[in-house]
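Each remark here refers to the structure printed beneath this line.
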Amino acid sequence: MKHARSRLAVAAFAALLSLVAPVAAHAVVVGPGDPIRTPMEGSPWDGYRNINSPMCSAGVPGTVTDRNGEKHRVMLTAGHCLNDAPDVGLPIVTGEVYVPTTEGDKRIGTAGAHRWELPQEDAGLESLPAGFNGADYGIINLDPDVETTGASYSIDENGQSYGEPVVMTGIQDNEDLPRGEVSFDNLGKPICKDGMRTGRACGYQVFRARNGIWTVGIGVDHGDSGGNAYDPTTNEVIGVNSMTFGPVSRVMPADIAIQEAYGIPDGQVNDHFEVSDSTAQRDSTYRTLNEDMAADQEYVRAQDSQDSQEGSVPQLVDLVDQLPQLPKLPELPQSPQLPQSSHLSGSPQLAEIQLPSFES
């Protein structure tokens, strides 16, 4: 009975905490490349932050005018960051989206339209078509009090920055391709990305499909998903970080995401989507991925110590490692040496690009 009463007390206290919502001291300014957190159902809330939340990155914010003339303030991210489907190898999230400020988690919006078709952890090579042709976009409907900036910027998991903010000028609106068809019209063009795991890095585009810009050199890793990818020669948004196979990374095209989510015709995306014209400075300091991982581990240790006295130990998971493991491809040759800075003088000559071979 003593243990039962203790468990009831703990449960009651946890239920009380769950009723406490994050309180923003002031309106937060969010922009492309910022870290976001998407709590799971039942994620503990300690009055300061959501414990053990999936970690992703933000894409570009802007205003969409739909076919009915209604305007929507939104932000792009990866579709798998907003997963609400069971049995797909990813956490099921609540649909609320937060940013991890040093003052505590602050809500910025809720999940809107989202779609993702990516390789499953245990599906093997038969899932590769999903990795090649599958969509991976998510729309975040921003809360009214959230301010935005169109300047792309990021810090990595250690708090290091690799470049100054870059103001986005619009969406790169390419001609749509049928599913399964590829085009090399972007071969050798530069691309940069921002993300909260590895920060900013730049590389080159290799080819594109309907739902993917395939690149080398941008170094996407877990946690960078949803972050902003752009053309450093035009500062146009190319898309959001989606997935990686060794040195090869895929970016989900922003134009396709907006077209599908809002029924916008091909070639008219910039008539319907206005990138946030604000260049406001971010006024919040964000916690890094490593800081949150350390805090999660400390929380688990504290809970283990408390619950072990009652004969049970909770099994919490590392959500970074829980992201789906992509199937291994045959070993690829060494990728070309690429600049790690967004200061690119222009597109390289095609003769300078050595494309990796995919032959086994």
Tally, over the range 178-222, of residues that are part of a strand (DSSP E or B) and small (Gly, Ala, Ser)
5
Please go through the range 41-73 and pick out each residue that is among the aliphatic types (A, V, I, L, M), assigned to a strand (DSSP E or B) and under 14 Å from the mean Cα position of the chain (by Cα).
Met55
Answer with yes or no whether Gly239 is assigned to a strand (DSSP E or B) and touching a Leu at 6+ places or on another chain (Cβ under 6 Å).
no
Looking at the range 93-114, which of the residues that are assigned to a loop (DSSP other than H, G, I, E, B) and surrounded by 16 or more Cβ atoms within 10 Å (Cβ to Cβ) is nearest to the chain's Cα centre (by Cα)?
Gly95
Can you tell me which residues in the range 262-296 are among the charged types (D, E, K, R), more than 21 Å from Cys56 (Cβ to Cβ) and out of contact with any Asp or Glu (no Cβ under 6 Å at 6 or more places or on another chain)?
Asp271, Glu274, Asp277, Asp283
Can you say whether Ile264 is in a strand (DSSP E or B), over 15 Å from Asp34 (Cα atoms) and touching a residue at least 40 places away in the same chain (Cβ under 8 Å), as far as the supplied structure shows?
no
What are the residues in the range 67-90 that are at positive phi and small (Gly, Ala, Ser), if any?
Gly69, Gly89
If we keep just the residues of the range 156-191 that are among the polar types (S, T, N, Q) and surrounded by fewer than 18 Cβ atoms within 10 Å (Cβ to Cβ), which is farthest from Asp255 (Cα to Cα)?
Asn158
Flag if Gly31 is over 25 Å from Leu289 (Cβ atoms), buried (at least 17 other Cβ atoms within 10 Å of the Cβ) and modelled with pLDDT of 90 or more:
no
Can you name the residue in the range 128-157 that is part of a loop (DSSP other than H, G, I, E, B), within 22 Å of Val28 (Cα to Cα) and not acidic (Asp, Glu) and, of all such residues, is farthest from the chain's Cα centre (by Cα)?
Pro144
The range 214-238, residues that are of a type outside the set (S, T, N, Q) and under 19 Å from Asn270 (Cα atoms):
Ala229, Tyr230, Asp231, Pro232, Glu236, Val237, Ile238
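The values are calculated or read from the model by the stated rules, or taken from the named source; none is laboratory data. Just so it is clear, the structure is predicted and the values come from calculations on it, not from any experiment. Note that each Cβ is placed from the backbone with ideal geometry, even for glycine, and that neighbours are counted across all protein chains shown.
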